[in-house]
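Here is the structure we will look at.
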Amino acid sequence: MARLSLLSAILLHLVVVSMQQGDDEALEIRQRFNSTSVSMINDQIQREFNAMYLYETMASYFGRPSVGLPGFKKFFKKAADEEREHAHKLIDYLNMRGGHVRLKPITPPSKFEWFSALDAAETALGAEKNITLELYRLRDRADMESDPHLVDFIESEFLTEQVTGIRDLRELIARLNKAGSGLGELIVDKELN
């Protein structure tokens with residue numbers, strides 16, 4: 001019986017040592033990459049997928065024969081593809097840095113129809129402002145954690161594109177306001193197509 005206990009103790013020790021070595025390897029990959037940053041990136045992945053879902057919903061709406069605005073369908077389909085690409089960049093980044101991807105449920109949009117293209121563009125602008133705000137928070141957290149690699153990744157891969165995207169949506173909203181509904185909306189749609 002004592003021999004079995006000794007054998008069990010040795011096996012347990014070997015398991016613990018091998019697990020610690022695995023943790024050491026993960027820690028080497030995860031230098032200056034703390035669990036709060038990993039969690040925030042996972043949250044950002046969810047936001048990017050949520051935005052993708054919103055834009056897919058908008059593209060679907062404008063592609064309906066009863067709505068008939070193919071330029072806006074194309075515009076929002078492109079936006080959905082960009083958000084999906086952003087989520088995948090974040091996933092790849094987590095894997096590269098030794099973090100663990102924890103995909104969360106995609107939240108359906110709060111609505112599936114819009115009064116006008118202007119209404120949809122204003123909804124998209126709100127979504128992009130929120131995503132940008134959260135990217136700034138992630139960037140600031142990385143700076144606070146002395147993680148220059150994450151700071152550079154967020155700045156170079158996301159923030160410039162976000163600022164440009166917000167500017168483009170503001171310009172689209174201005175054009176839609178000037179053009180008005182009806183024929184004006186059709187003219188803007190043609191420009192997008």
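Computed quantities for the displayed model
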item: Mean Cα-pair separation over length for the range 33-192, i.e. relative contact order, pairs under 8 Å, 6 or more apart, %; result: 29 percent
item: His88 accessible area, assembled protein chains, probe 1.4 Å, Å²; result: 90 Å²
item: Net charge contributed by nearby residues that have their C-beta within less than 11 Å of Ala117 (K/R +1, D/E -1); result: -2
item: Charge sum, other residues only, whose C-beta stays under 15 Å from Ser66's C-beta, Lys/Arg counted +1 and Asp/Glu -1; result: -1
item: Links that overshoot a 23 Å alpha carbon limit, given the list Lys129/Lys190; Lys74/Lys129; Lys73/Lys111; Lys73/Lys129; Lys111/Lys190; result: Lys129/Lys190; Lys111/Lys190
item: Filtered chymotrypsin sites (Phe, Trp or Tyr not before Pro), the range 135-193: DSSP coil and at most 12 other beta carbons within 10 Å; result: none
item: Average accessible surface area per residue within the range 33-192, 1.4 Å rolling probe, Å²; result: 51 Å²
item: Euclidean distance between Cα centres, the range 50-99 to the range 150-189, Å; result: 14 Å
item: Cα-centre dipole for the range 38-130 with unit charges at Cβ (Lys and Arg positive, Asp and Glu negative), debye to 20; result: 140 debye
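The values are calculated or read from the model by the stated rules, or taken from the named source; none is laboratory data. Since this is a predicted model, take the numbers as computed values, not measurements. Quick reminder, even Gly has a Cβ in these numbers, built from the backbone with ideal geometry, and neighbours come from all protein chains shown. Surface areas here come from the heavy atoms of the whole protein model, side chains and all, with no ligands, DNA or RNA. Shrake-Rupley method; radii C 1.70, N 1.55, O 1.52, S 1.80 Å.
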